[in-house]
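Scroll down for the structure; my scribbles are underneath it.
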Amino acid sequence: MMKKPLWRDGWLMAICIGRIFMYMNFMVYAACLPLLKSEWGMSATQAGSIASGFSICYAASLAVASWLADHFGARRIFVLSAVISTATSLVFGFFARDYVTTLLFYSLIGVTQGGVYTPGIVLMAERFPVVRRGSAVGWFIASTSLGFASSLAVSGLLIALGGYKFAFLGTGILPSAGALILWITLRRTPNVVHDRSTGISLTAVLKNERNVRSLVAAPAFLAASLVFSGTASIQSAELAAYCVAAMHIVGAVASPTMGHLSDLLGRRTVLTGLGAAGAVLSMIFGWLIAAPLPILVGLMLIYGFVVIGDSPVLSAAITEVVAPNRLGSVLAIRSLLGFGAGAVSPVAFGLVLDYLRFGDHVASPWGPAFMVFAIGGFGATWYAWRFRRP
């Protein structure tokens, strides 16, 4: 008997929809930043500190929530994080009105939001068999990308209707709907706490997670290309921002399709192919700064597909080689490694842009800068090639 496709699985789709609402305030600060800098008179350092505070707290919450899922059960931590994240989102929406309060309350959102990500991967591993797990994790991660894109779209609409205060308030309230959906969906799902006295395997697939760094660098590259071709800098930044949303939508397509493909062809095959493709694109992408805009946008979307598409495959692979009672701990380690790479990669990228010049040609550093990401791509390919399912 043929199994129904996962997009018809009500439990999985409800979780995905709930998570989209949970991430509605994830990008609101970035969307409001041009307004906030002028209205609050923030320096670039202050503006960056808010984003850094959120990122650091979010990275810590990913690691802590993953570890807690091993000890208290993934379902319990997932639902609890959704409820607490709703509370911090409401506080942010109603009370973030200057630099200090935004730094504090946006960071608090980061502290609570990690629990609706990595414990969810554990839930996917508990519910779906190996032959369908790649596709299930793909849909789960696709909801993250759709949440980011929706956050940008909703924030832009609310800014147009009532300014940054209305955007903060609206995106602060919407996660409440997500928490309600998640609570209703998971109220009858068992909370599994695995026996920690057996199965002490910590085997994991290690990989340089280059996806976030590449997605940050690519729109900046497009903006530079447009300026290089004579387009006004304001228009260039606007077009690049649209590309960020487009790449998140592409990621939402890449996650379930590559996850499903890995169910059919095997994790090793898909991870190796995507890693190699990402490395090759990183080697050539930065040298095309003078290429026509349609070619650049097309390649950028392909680039986004490749670097996001391996995330659900890697997550599914980890669930297959790690003992269930240690899965949360390994996902915590993976999160810390990924964000550690995320802290180093932009610095290396920026150093290359700042200091590497071939004569006075301003376009020349972009090629070598993107080649920094190829290091992660080739490393991913090598690790994927060595991957063997037990």
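Please state which one of I159, I141, I109 is in a helix (DSSP H, G or I), more than 21 Å from the chain's Cα centre (by Cα) and aliphatic (A, V, I, L, M).
Values: I141 fails: more than 21 Å from the chain's Cα centre (by Cα); I109 fails: more than 21 Å from the chain's Cα centre (by Cα).
Of I159, I141, I109, the one residue that is in a helix (DSSP H, G or I), more than 21 Å from the chain's Cα centre (by Cα) and aliphatic (A, V, I, L, M) is I159.
Working carefully through the options G53, G41, find the one that is more than 28 Å from V192 (Cβ to Cβ), touching a Leu at 6+ places or on another chain (Cβ under 7 Å) and not assigned by TED's automatic domain parsing to the domain that holds V313. Walk me through it before giving the result.
Numbers: G41 fails: touching a Leu at 6+ places or on another chain (Cβ under 7 Å).
Of G53, G41, the one residue that is more than 28 Å from V192 (Cβ to Cβ), touching a Leu at 6+ places or on another chain (Cβ under 7 Å) and not assigned by TED's automatic domain parsing to the domain that holds V313 is G53.
Is the stretch 119-129 home to any residue that is assigned by TED's automatic domain parsing to the domain that holds F72, in a helix (DSSP H, G or I) and basic (K, R)? If you could, list the steps in order and put the result at the bottom.
If we filter the stretch 119-129 for residues that are assigned by TED's automatic domain parsing to the domain that holds F72, which is where we start, we get 119-129.
Filter once more, so that each one left must be in a helix (DSSP H, G or I): 119-127.
Filter again for basic (K, R), leaving 127.
Yes, the stretch 119-129 contains at least one residue that is assigned by TED's automatic domain parsing to the domain that holds F72, in a helix (DSSP H, G or I) and basic (K, R).
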For the condition out of contact with any Phe, Trp or Tyr (no Cβ under 7 Å at 6 or more places or on another chain), closer than 19 Å to F140 by Cβ, in a helix (DSSP H, G or I) and at pLDDT below 75, what is the one hit in G338, G342? G338
Can you name the number of the only condition in (1) modelled with pLDDT of 70 or more; (2) β-branched (V, I, T); (3) farther than 26 Å from I121 by Cα that I333 fails? (3)
For R75, work out the one condition from (1) at pLDDT 95 or above; (2) within 22 Å of I159 (Cβ to Cβ) it doesn't fulfil. (2)
Can you go through G278, G286 and tell me which one is touching a Lys or Arg at 6+ places or on another chain (Cβ under 9 Å) and more than 17 Å from V131 (Cα to Cα)? G278
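If only one of G172, G114 is outside the structural domain of R326 (by TED's automatic domain parsing), modelled with pLDDT of 95 or more and in contact with a Phe, Trp or Tyr (Cβ under 7 Å, 6 or more places away or on another chain), which one is it?
When all the criteria are applied, what remains is G172.
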Report, by residue number, each residue of the stretch 77-106 that is buried (at least 21 other Cβ atoms within 10 Å of the Cβ) and without any contact (Cβ under 8 Å) to a residue 60 or more places away in the chain. I77, S81, T88, F105
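The values are calculated or read from the model by the stated rules, or taken from the named source; none is laboratory data. Just so it is clear, the model here is predicted, and its values are computed rather than measured. Positions of Cβ are generated from backbone atoms using ideal geometry, with glycine treated the same way; all protein chains shown enter the neighbour counts.
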